[in-house]
1. Can you tell me the dipole magnitude for the chain around its Cα centre, using point charges on the Cβ only (Lys, Arg +1; Asp, Glu -1), in Debye to the nearest 20?
2. Could you give P(r) for region 41-99, binned at 10 Å from zero, as whole percent values over all Cα-Cα pairs?
3. Net charge within 12 Å of R405 by Cβ-Cβ distance, Lys/Arg positive one each and Asp/Glu negative one each, not counting R405 itself?
4. Can you work out the PRE-style zone for W318? Point 7 Å along Cα to Cβ, and I want the residues of region 334-363 with backbone N under 19 Å.
5. Suppose R0 equals 41 Å. What FRET efficiency, 1/(1 + (r/R0)^6) with r the Cβ-Cβ distance, do L230 and F261 give to the nearest 0.05?
6. Taking Cα atoms, how many degrees apart are the long axis of helix 356-371 and the longest axis of the chain, rounded to 10 and kept between 0 and 90?
7. By the gyration tensor of its Cα atoms, with a ≥ b ≥ c the square roots of the eigenvalues, what is the shape of the chain: rounded for a/c under 1.5, prolate for a/b over b/c, or oblate?
8. Full-extension gain between E449 and H66, please, as 0.36 nm times their residue separation minus the C-alpha to C-alpha distance.
Amino acid sequence: MVVTQLNLEFCFQGKKLRGFSCELTRSPRGVLPESFFTIMCQVVVPILLSGLCMMTAGLVMNTVQHWPVFVEVKDLLTLVPPLVGLKGNLEMTLASRLSTAANTGQIDDPQEQHRVISSNLALIQVQATVVGLLAAVAALLLGVVSREEVDVAKVELLCASSVLTAFLAAFALGVLMVCIVIGARKLGVNPDNIATPIAASLGDLITLSILALVSSFFYRHKDSRYLTPLVCLSFAALTPVWVLIAKQSPPIVKILKFGWFPIILAMVISSFGGLILSKTVSKQQYKGMAIFTPVICGVGGNLVAIQTSRISTYLHMWSAPGVLPLQMKKFWPNPCSTFCTSEINSMSARVLLLLVVPGHLIFFYIIYLVEGQSVINSQTFLVLYLLAGLIQVTILLYLAEVMVRLTWHQALDPDNHCIPYLTGLGDLLGTGLLALCFFTDWLLKSKAELGGISELASGPP
């Protein structure tokens, strides 16, 4: 589909037409050129809304961490980042694939649209079942390594909670992504700019809420011996059905065969972030860790997913798999070219980087208004927190540019192979840097207190 934009400017003197100018813009794939202002306008609202949802997810986690099931089954906290990270592994990857399909005109035909949507939704159900189970196994292994104990009942609860949460979250968010991408296409808005942040924002809140409710349900019915194994077996039995539906689309068949490594490795990376969270969240010097973890991880994941999706769409439109455009020939570009040139992807990277500090300031202030003194409110921590957010997003945006080039050169689809890695790294970087912020702030306060005590002790009697 070709989109043509015609801008006419008429010059009048009194009531008489004295001249006019005409500007014609043609886009061969249905996407009009975007300016800095256009990208900013389309991105800022979804990012702010997603940040509010992630902030709400943080407040939810700060509450549910004290529920009996989370207190008794410590591995549930380790499970939070990889399960919440499903938004990067599955939903945001789905949103990116659908956005690329929409921008390249693949879903304009109703019959093709139905085939693409049904096969994609079936695919994420297969992935959700497998990744949910593997996330539970990873959490258990990390728990065994750190505590050297295994309780069969807790193992069953963890596996059932993980699989059911992954299935329900994937279904709800998958249907929502389909509606958003089709709606954006009809309204003439680039779905790359809005679909991935909305997937991420609602993904955090929905996944965490479902995990808390499902695990509490299984905990209350822990005396029902066969309930949790039956749930696991039921979802495993449904997997062949989803596979048959997914096989309608040849590209999806390729993902079913070769697309497992990125999402499994991303889940493992996120699990290490979960281990950091489970080891720090209950300690006094890390008070507030549960609230800020979804925010810093989510903001980084959102921004890098938008950039990855945009670069992927650009390559799908103007190049062929395995062939990089002339201006993207270098696998390891100069960081200046990633952020400081007039090229469209560099422009979008600047827009996304500029949103980091204002976004985090807004979310920090709202959290402080809601929670008050229960979160750290020192200026030192705020500066450290903003610096951590900038470092995280800068690293992720540069890695996005590198990874998309490498995967495209290997004739692989960046929508499927880059976003899981980058959101997994975002979770690990975000959790690690946030823990470092809390520790540094606590260390500086301790030194200041010790200095004050020593001054009092050395003063006149």
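1. Once rounded to the nearest 20, the dipole reads 760 debye.
2. For region 41-99, the pair-distance distribution reads 19, 39, 29, 12, 1.
3. After counting each charged neighbour, the total is +1.
4. Zone members listed by number: 334-352.
5. Details: r = 31 Å, r/R0 = 0.75.
In this case the efficiency is close to 0.85.
6. Approximately 40 degrees, to the nearest ten.
7. On the way: a/c = 2.10, a/b = 1.27, b/c = 1.66.
Since a/c reaches 1.5 but b/c is at least a/b, the shape of the chain is classed as oblate.
8. Stretched fully, the E449-H66 segment lengthens by 134.9 nm.
The values are calculated or read from the model by the stated rules, or taken from the named source; none is laboratory data. Since we're looking at a predicted model, the values are computed, not measured. With ideal geometry, Cβ positions are generated from the backbone for all residues, glycine too; neighbour counts draw on all protein chains shown. Areas reflect the complete protein model, heavy atoms only, side chains present, ligands, DNA and RNA absent. Shrake-Rupley method; radii C 1.70, N 1.55, O 1.52, S 1.80 Å.
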